[in-house]
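Below: the structure, in structure tokens.
The values are calculated or read from the model by the stated rules, or taken from the named source; none is laboratory data. Keep in mind the model is a prediction, meaning the values are calculated, not measured. Positions of Cβ are backbone-derived with ideal geometry, glycine not excepted, and every protein chain shown enters the neighbour counts.
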Amino acid sequence: MSGREKIYGLGLKETKVCCECSAELSINNFSFSSYARSDRHGGRRRVTNVYSNVCKKCASKRARERQNRHFASGLCRCGKVRVEGRTRCVRCLASAQRSRTKNIAQHRESGIRYGEELRRIVFARYGEACACCGEKRSEFFTIDHVGGWGKDHKGNNGKRLGGKLLYRWIIQHNFPEEFQTLCYNCNCSIGHHGYCPHQHEREQTLQMVA
């Protein structure tokens, strides 16, 4: 028995019949509400605590149908007049704007954490050092398409894959062998010039040793 049922003496009923679908469900499937009203003589306001007669599923269905009727009739989904050129009323637009402003920082931080986790998983698989120069500072790491086919690697929308989308694609395809870890300098040099100066330096060193 929950605390509110103990307070209001509602613990005796464990089930309730929905007036909409006629199903007998657990009392937890019904919304609980409290409201105040004055007695018939205008005296002290009394607080009434009740469970809804309609289960949560049917209540949600009713709400969606009501919103769809309003929208089809040219009103905001809440039933008020729309702002000209928009599909919502002034109040709903303001509420949506407040919600976006409130959550934008949270969404940004969540996206950053998600991207860092994908990045960590990918470079843990392909090596935590540049395959060309041996750079070990993770801030410089990039994913290289071995053979230079990165420009042709595109998603379902026809756009080139990069960043979080590329990391996620690699994980979903079980870490193909056609990728390697390179630092930003080596990757850019290979992409623009077709080679990396480190390669020439190694070749010259081998010739001198030979």
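Keeping to the range 176-209, report how many residues are assigned to a helix (DSSP H, G or I), free of Cβ contacts under 8 Å to residues at least 60 places away in the same chain and out of contact with any His (no Cβ under 8 Å at 6 or more places or on another chain). Talk me through it step by step, then tell me what you get.
Filtering the range 176-209 down to residues assigned to a helix (DSSP H, G or I) leaves 184-193, 197-209.
From what's left, free of Cβ contacts under 8 Å to residues at least 60 places away in the same chain: 184-193, 197, 200-209.
Within this subset, residues satisfying the condition of being out of contact with any His (no Cβ under 8 Å at 6 or more places or on another chain) are 184-185, 187-193, 197, 200-209.
Total meeting the criteria: 20.
Which one of the conditions (1) of a type outside the set (Gly, Ala, Ser); (2) assigned to a helix (DSSP H, G or I); (3) under 26 Å from the mean Cα position of the chain (by Cα); (4) more than 30 Å from Glu139 (Cα to Cα) does Arg88 fail to meet, given that it meets all the rest?
Unmet for Arg88, out of (1) of a type outside the set (Gly, Ala, Ser); (2) assigned to a helix (DSSP H, G or I); (3) under 26 Å from the mean Cα position of the chain (by Cα); (4) more than 30 Å from Glu139 (Cα to Cα): (2).
Restrict the check to the range 102-122 and report whether at least one residue is touching a residue at least 12 places away in the same chain (Cβ under 8 Å), more than 24 Å from the chain's Cα centre (by Cα) and more than 30 Å from Cys78 (Cα to Cα).
Looking through the range 102-122, none of the residues is touching a residue at least 12 places away in the same chain (Cβ under 8 Å), more than 24 Å from the chain's Cα centre (by Cα) and more than 30 Å from Cys78 (Cα to Cα).
Would you tally the residues in the range 38-97 being more than 30 Å from Cys18 (Cβ to Cβ) and either at pLDDT 85 or above or outside the structural domain of Cys21 (by TED's automatic domain parsing) (or both)?
16
Among the residues that make up the range 155-168, is at least one of them in contact with a Gly (Cβ under 8 Å, 6 or more places away or on another chain) and part of a strand (DSSP E or B)?
Within the range 155-168, one or more residues are in contact with a Gly (Cβ under 8 Å, 6 or more places away or on another chain) and part of a strand (DSSP E or B).
When the residues of the range 79-122 are narrowed to those that are surrounded by 10 or more Cβ atoms within 10 Å (Cβ to Cβ) and among the hydroxyl-bearing types (Ser, Thr, Tyr), which ends up nearest to Leu165 (Cα to Cα)?
Tyr114
Read through the list (1) part of a helix (DSSP H, G or I); (2) within 30 Å of Pro176 (Cβ to Cβ), then give the number of the only condition that Arg100 fails.
(2)
For Leu161, are the conditions met, namely being at pLDDT below 90, of a type in the set (A, V, I, L, M, F, W, C) and on the phi < 0 side of the Ramachandran plot? Break it down into steps so the answer makes sense when it comes.
Working: at pLDDT below 90: yes; of a type in the set (A, V, I, L, M, F, W, C): yes; on the phi < 0 side of the Ramachandran plot: yes.
Spelling it out, Leu161 is indeed at pLDDT below 90, of a type in the set (A, V, I, L, M, F, W, C) and on the phi < 0 side of the Ramachandran plot.
Among the residues in the range 163-175, are any free of Cβ contacts under 8 Å to residues at least 24 places away in the same chain, over 31 Å from the mean Cα position of the chain (by Cα) and surrounded by 11 or more Cβ atoms within 10 Å (Cβ to Cβ)?
If we filter the range 163-175 for residues that are free of Cβ contacts under 8 Å to residues at least 24 places away in the same chain, which is where we start, we get 165-166, 169, 172-174.
Filter once more, keeping what is over 31 Å from the mean Cα position of the chain (by Cα): none.
The answer is no, given that none of the residues of the range 163-175 is free of Cβ contacts under 8 Å to residues at least 24 places away in the same chain, over 31 Å from the mean Cα position of the chain (by Cα) and surrounded by 11 or more Cβ atoms within 10 Å (Cβ to Cβ).
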